[in-house]
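A.B. asks: Once you've had a glance at the structure underneath, I'll fire off some questions.
The values are calculated or read from the model by the stated rules, or taken from the named source; none is laboratory data. Worth saying up front: this structure is predicted, and the values here are computed from it rather than measured. Backbone-built Cβ (ideal geometry, glycine too); neighbour counts: all protein chains shown. Remember, those area values only see protein heavy atoms, side chains included, never the ligands or the DNA or RNA. Shrake-Rupley method; radii C 1.70, N 1.55, O 1.52, S 1.80 Å.
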Amino acid sequence: IVEQSGARMFGISEQELITRRRYVSSTKDLLHTMKGEVNSLQSAVSNVHAPLHKARAMGPRQDDDQSEWARQEQQILIQEQDRTLETISGTLNTLHRQAGLMGQEIEEHNELLGDLENQTDRTESKLARAQKRMDYFLQKAEESRWSIYILIAILMFL
């Protein structure tokens, strides 16, 4: 929807729209790859089951050959599944490490924000004290200005 309507309608930048398009494209590619793997596994399972049905219909010698062939096919299927699971496991481990790094980064940023907040509070209190001193100074300067005017008036009178 965002791609078709334009980024401005939803209040996002063109760069964000490009990033989202890339993400959608990579996700579609990943899904396509996963569908291919599932289909190949389904066909492999079908190929394993079909010889078993044929083997039952044949004689005893062929039955032994067919059983051996079916066992080998099952072994191949199990090995493919193991490789797929290892790949998934590697991906999950990578994601886990990335999540851990992100968590550490967030903790560091929280600490930095806490320090910044403390420094801001100290600066605010210093500014408040400086403002009070400035108000006091201006009040005294105003009083002393009137004193100067009175002294000038007295000196002129004399």
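A.B. asks: Full extension from Ile152 to Asp135: what is 0.36 nm times the residue separation minus their Cα-Cα distance, to one decimal in nm?
C.D. replies: Working it through step by step, the gained length comes to 3.5 nm.
A.B. asks: Kindly provide the Kirkwood hydrodynamic radius of region 112-158 in Å, to one decimal, from all pairs of distinct alpha carbon atoms.
C.D. replies: By the Kirkwood definition, the hydrodynamic radius is 13.5 Å.
A.B. asks: Taking the Cβ-Cβ separation of Lys35 and Arg83 as r and a Förster radius of 30 Å, what is the calculated FRET efficiency to the nearest 0.05?
C.D. replies: The computed FRET efficiency comes out at 0.95.
A.B. asks: What nm value, rounded to one decimal, do you get for the distance between Asn93 and Asp65 when each label is placed 7 Å out toward the C-beta?
C.D. replies: Simple spin-label model gives 4.3 nm for this pair.
A.B. asks: Taking a probe of 1.4 angstrom, what is the accessible area of Arg122 in Å², to the nearest 10?
C.D. replies: 140
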